[in-house]
Structure formats: C-alpha cells, structure tokens
Amino acid sequence: MIETLVTHAPILIIAAPLLVAFILPLIDKVSKKGRNILVLCAVVFTLVLVIILYQDVIENGMRIYTLGGENAHVALPSGYHVPVRITLVIDALSIFMVLISSLISFVGLLYSFAHVKGEGTGKFYTLFLLMLVGMLGMEMTGDLFNLFVFLEILSISSAALISFYIRKGQPIEASIKFIIISSLAALFVLFATGLLYGEYNLLNMGALANEINSQTGGLTLLSQLAFILLLASFALKAGSAPMHMWLPDSYGEAPGAISMFLVAGTQASLYALLRVCFTIYNTAIDASIIGGLLIILGLVSIFIGVTMALIQIDIKRLIGYAAVAEVGYIFLAVGVGFFELAQGELSAYGLKALQGGIFHIFNDVLDIGLLFLVTGAVIYMTKETNLNKLGGLARSMKYSSFFFLIGLVAVAGLPPLNGFASKILIYEAIYKVSPLLSIIAILASIFMLAIFVKIFYSVFMGPKLSSLSDISEAPKLMLASMAILSGIMIFFGLFPGYIVDNLVTPAVNALVDNFTYITTIMGGI
Amino acid sequence: MSLDTFGGFWSPLVWLLAFIVTFLIGYILWGLGEKQHKTGEQLKPFISGLAEGSKEDVHVKGGNIYWGFTESLKEYYKYATKMHTGILNDYILWFIGIAAIFFMVVIIPGVIW
C-alpha cells in the first residue's frame, strides 16, 4: 500500500487537489460543512503524501514519474533518444519546495476557515486548491512547457483570489495589474520555450540540459536569448527589484492567507529561476556574469525593499515591501553561489551561500507568512489598514501581538529565531566575495528591525484608542495557524544544524549537481 | 544542533543559556536598586508646566515614526516614490528595461568579441 502510494505520489500530489477543486462547487451546493471537510482532506492528503515522498527522495534519491509510460520510473522509452512524455521530476530541491507549498497551504486553509465567510466561499476554496496545484506543478514538472502551464494556473487563480474581497475597488486594480504582469512573464516563458524547442526539438529540462551542456563552441544566440527571457520573467515573478512594483500592490490587497500563499507562489518562480540557471544552463552560460547580475538584483531589492517599507503607512503594503527585501537576500546568496560555479568547482563559501539562500526561501515564507497572518487578523478585527489609525491592540489582541513579535524577531534576523540562522550563513559566505555586500546585508537587517518595530509600536503599543475600544482577540483557528507557523519558526531557529543537514543540504546538493539530474532522466547517457 | 557557518558556528542553545544568565543578572541588579523612590505625582511628565494631554492624543502615530530619518533622506525618497507610480505601463517598462540590460550584458559582448 505504502509502496504504491510512494510510486504514484508525484501525480497524486497534483491530482488530488485538482480533482477536489473541480468537485468542490458541486459539494458547496449541497453542504458547506462537507465542502470544508473535503478541502481539508485534500490538503492534508497532499501534505501526507509530500512527507512520505520527501522521506523516499532523501533515502533513495531523485524520483521520476512519467505519465502514460509503461514504466512510470523511466523517462526514456526504449528505442527513443529523448523523453517524449510528460515527466514529473522530484529531487531533493523539488521536494523541499513542494514541502513548503503544501505546508503553507495547510496553514492557510485553517486560517481561511475562520477568515473567509459568506457568499462565494466555495469558489474561494476552488481557487485556493488551483493555486496549490499551480505551485506544486511548477515545482515538480520536468519539462518547460508544463512549467508554463502551471505558471498560468498559479497566476490566474492568484489573480482571482487577490480580488476576492472587492473593498472600494483597489483589490480589483491590484488583481488586473497582477494578471497582466503575470501574463507578460508567462508569454516570455512561452516564447523562450518555443526558441529552445526550435533549437533542440526538446522540452524536457533534463534532455535540454544534456544538449546545452554538451555543446561545443559555446551557446547559440537563440539559446542565450531564451535564457535571458527566462531569467527576466522569473526574476519579475519572484518580485525582484526594480521589477517588484506589482508585489506590494498584490500582497497589500489580498486576503490574509492569500498574501501568505502568494509569498510561496513567488518562491515557486524563484525555484524555476534556479532550475534554469543551475540545472539547464549551469556553466554553459557565463556564470560569473549571471551571478553578478543576480547579486546586483539582490542588492537593489534589499535597498529598495527596506527603504520603501520604512515610509509606508498601509500595514500590508509595508510587509509587501519587506518581502521584496527578503527576496533580495535570496538573490544575493544564490548570485554568489552561481558566481562561484563559474570557477568550475563550487567553493566552500559558495556552498554556504547557497545553503543560506535555500534555507532563507523556507524562512522567508514562514516569517513573512506569519506577519501577513497577524496583520490579516488585525484587519479582520478592526477593518483598518492605516497605521495612523491603529494602536494599543496588544491590550485586546494579546496572542496576536505575541505572534507578531515572533515574526518581527525572525524577519529582522535576530537570534535565536530561524531568520538569523539563514542570514548568518549568507552574511559570512558573501563576505568572502566582498565585505561590502555583508555590510549592506547586515545594515538592511537593522532597517528591517526598525520597520517592524514601527508596526509593532503603532499597531500594538500605546494607549487603547477609543475607536478600537470594542476589539477582541482573533478567532481561535486564526490563532492556531499563527501558532503552527511560530512553532516551526522556533524549532528551525533552535535546531538550525538539524534543518540544514536534513532539509537544506540535500536540496543544495541537488541544485548544484545537474549531472545526476541529467543522467537520471536520460537513463545513464 | 549547532550550525556550521563558513567562519565558525552558531549555537542557539548556548545563546539562549547566555541570554537567560544575563537576564537573571540584570533582574538581580534591578532587585537590589533603590526601594525608596516615590510614585504618583513625581512620575508625571513635565511639559513646561502645561497639563499633560490624554494618552491617546499624545501617542505618536505610525506615519510619524522615523520622521527625522525620512526627512534627512527626502531627496532620495522624492526619487524613489516617483519611481513607484502605480501605473501598469511603467511596471512593464521596468521589466522590458531590465530584460534589455540582461541582453546587453550577456549577448552583446559575445557578438562583439
């Protein structure tokens, strides 16, 4: 039974939420309680499968699932030279990302049960599951065209959820901006996929990596152009400055749990960027130039993110800008790792930078996610997003303010929480490239502390305001989801060595080892 | 449990222990402090003899925190806020601009040399 589950887990992880998403509107007509139970079952089932698959991938290595093939574990049918079927590829990096997405979906769902009520709730959960499917698909697909398809599923469902509450029209504006920007990025991805298909007759990422990396005489102009289109598109979707403007708009207007889920969505795009850079192109492209570009994008994101966050008075837009800065840290670390890859063999500090960057992906989703959940609860209770109109809420929302404090410490990179563990890896590793990079990164963390102290002070501290005198604590399910995230963050913070050894290092090894990726798909070529 | 960083290691449990010890020392020192200090009237802020307003009225609002910092960087913020127009065309322009820079940095050197 378990073996069958493990064998078909890759497709079941995508199929279960997809199937339930389409059944849900029908169940919604019959029973609201049944609908909630069904959506919870789908998300929990997915999460359990992901945990089972995670154990399998860590113990037995990368797993392939070929759709429609005689043998699901073989990507290359006998007599064929290239994979022709749709393939799901799950290595330690994929499963790391899938674990993040499924965990966040579970927490987000619990939160939404308390947060989302009234007309259209059934549609909300359908879109929620489709968003999860988009994310999981992007993180598990083995070919570029399906990456585009799942990116579209993620974008369309996200856009619909951003404007789930219409509130004076701003969410609709944010949603339209989001869908246009996402469509543009997806169009560029499709164009790049077309270029690569025209060049190599291939869509499979492993087969493409094999062709691109075995080319003598350098990359063709079209392959380089495809790379640039993919890099720019995924950097845009990951929220890197100066292409970040859509991000505070969208995060700022979406319902609380969806803002958190959007953070996981941007990380799925970041994952796609990593796959393109490290797995498909690797050293076939000039890694020192690309690494340098990623470092610059990281620095710009950090600088613009923290300075713009400092002047915001809308609580969710402020966190949106902080999220841009957090993405900057990941770009910085990954850039240093890719820069180091140009030297042929990844140095010890290149590896540490990548460990810091990959660890920070998880921490970013947890930290920013928790802050979005708390602010979502504040907005839910007070109906107010303006920092100037909030204050003294620690008196009536004791638990929420405590969870915000945990998020504040973590996102500012203060010990002993998880944010510090990943940031110290980044600081020390990037110091070897340039001490200036470390100084900027540390200064930005101090700014981040200042930014969140500002929110904490203006929302939770001070006298109880007369306009907010009848505010009570957030519903229990909202608090429970905040508690789950806080618990994970504290665990990650207190046992960082365990997390890095068991979760992060396998993912980093899978990222830098594109040889294993290629040979597993191409059957030992 | 501890994390090996490039330059050394990070042990949160040692840090926690150090934090608890420091906190206890601080708490003991605080406990040994002057017990005869007065309370009540003496604790009220002195505002040039004026009566103190209500706590709600004198509370510094979120938008005013770090005013000095943002004021001293107003030239930067003038440019930075202008950059964030909120207009979708500008968002797309930034994207196309960055893609063009990537193109120039990655492809053009290879074509020239």
Label-point separation (nm) for B:Thr70 and B:Ala100, each offset 7 Å from Cα along Cα-to-Cβ?
3.2
Ordered by packing density, taken as the mean number of other Cβ atoms within 10 Å over each peptide's residues, highest first, how do B:37-44, B:4-11 rank?
B:4-11, B:37-44
Within segment A:40-61, backbone nitrogen closer than 17 Å to the virtual label 7 Å beyond the Cα of A:Thr4 toward Cβ:
A:49
Rounded, prolate or oblate: pick one for segment A:243-327, where a ≥ b ≥ c are the square roots of the eigenvalues of its C-alpha gyration tensor, a/c under 1.5 means rounded, and failing that, prolate if a/b is larger than b/c, else oblate.
oblate
Quick note on A:Asp513, A:Asp367, A:Asp501, A:Asp314, ordering by fewest other C-beta atoms within 10 Å, gives A:Asp501, A:Asp314, A:Asp513, A:Asp367
Reference-scaled alpha-carbon Rg (2.2 N^0.38 Å with N residues) for segment B:44-107:
2.09
Just want to confirm a number: the relative contact order over chain A, from Cα pairs under 8 angstrom separated by 6+ residues, in percent.
16
Between 0 and 90°, nearest 10: helix A:32-60 axis offset from chain A longest Cα axis
40
Among A:409-419, B:75-85, how do they line up by average Cβ neighbours within 10 Å per residue, starting with the highest?
A:409-419, B:75-85
Output the direction-averaged projected area (hull surface divided by four) of the convex hull of the alpha-carbon atoms of segment A:286-494, in nm².
10.9
Computed over the Cα atoms of segment A:214-291, what is the convex hull's projected area averaged over all directions, in nm²?
5.7
Quick check on the exposure proxy: order A:Arg167, A:Arg275 from fewest to most C-beta atoms within 10 angstrom.
A:Arg167, A:Arg275
Aspartates and glutamates near A:Lys168 by alpha-carbon distance under 12 Å, same-chain residues fewer than 8 away left out - which ones?
A:Glu253
Under the definition of partner shielding as Cβ atoms of other protein chains within 10 Å of a residue Cβ, what is the mean value for peptide A:48-55?
0
Is any helix in chain B, taking whole DSSP H runs, at least 15 angstrom long along its axis by alpha carbon and on average at least 1.6 on the Kyte-Doolittle scale, and which ones?
B:12-31, B:88-106
Among A:Lys117/A:Lys316; A:Lys383/B:Lys82; A:Lys123/B:Lys82; A:Lys177/A:Lys352, which pairs are too far apart, with a Cα-Cα distance over 27 Å?
A:Lys383/B:Lys82; A:Lys123/B:Lys82; A:Lys177/A:Lys352
Estimated [θ] at 222 nm from DSSP helical runs (n ≥ 4, -39500 (n - 2.57)) normalised by residues in the protein assembly as shown, nearest 500
-23500 deg cm²/dmol
Given Cβ charges of +1 for Lys and Arg and -1 for Asp and Glu, the option among A:Ser94, B:Gln36, A:Ile14 whose Cα lies farthest towards the positive end of the dipole of the protein assembly as shown is B:Gln36
What size of dipole, in debye to the nearest 20, comes out for segment A:286-494 about its Cα centre when the only charges are +1 on Lys and Arg C-beta atoms and -1 on Asp and Glu C-beta atoms?
680
Take the Cα radius of gyration of chain B and divide it by 2.2 N^0.38 Å, with N its residue count; two decimals is plenty.
2.12
Candidate lysines for bridging to B:Lys38, where Cα separation is under 26 Å - those fewer than 8 sequence places away on the same chain excluded:
B:Lys55
Exposure proxy ranking, count of Cβ atoms within 10 Å, fewest first, for A:Met260, A:Met62:
A:Met62, A:Met260
Averaged over A:170-180, how many beta carbons belonging to a partner chain fall within 10 Å of each residue's beta carbon?
1
Taking chain A as the region of interest, what is the percent of Cα-Cα pairs per 20 angstrom bin, listed from the shortest bin to the one with the maximum distance?
24, 58, 17, 1
For the protein assembly as shown, size of Cβ-based charge dipole, Lys and Arg +1, Asp and Glu -1, in debye:
1820
For segment B:73-113, what does the alpha-carbon gyration tensor say about shape, rounded, prolate or oblate, given a ≥ b ≥ c as the root eigenvalues, a/c under 1.5 as rounded, and a/b over b/c as prolate?
oblate
To the nearest 10 degrees, the tilt of helix A:348-382 (Cα long axis) against the first principal axis of the alpha carbons of chain A is 30
Angle between chain A longest axis and helix A:418-433 axis [Cα atoms, degrees, rounded to 10]:
50
Peptides A:155-164, A:193-202, A:238-247, B:86-95 ordered by average Cβ neighbours within 10 Å, highest first:
A:238-247, A:155-164, A:193-202, B:86-95
If Lys and Arg each add +1 and Asp and Glu each add -1, what is the summed charge of the other residues whose beta carbon sits under 15 Å from the beta carbon of A:Gly120?
+4
Sorted from largest to smallest, which semi-axis lengths in Å does the alpha carbon gyration tensor of segment A:402-525 give for its equivalent ellipsoid, taking the root of 5 times each eigenvalue?
38, 22, 12
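Bear in mind these aren't lab numbers, they're just calculated from the coordinates by the rules spelled out. Just so it is clear, the model here is predicted, and its values are computed rather than measured. Don't worry about glycine lacking a Cβ; one is built from the backbone with ideal geometry, like all the others, and counts go over all protein chains shown.
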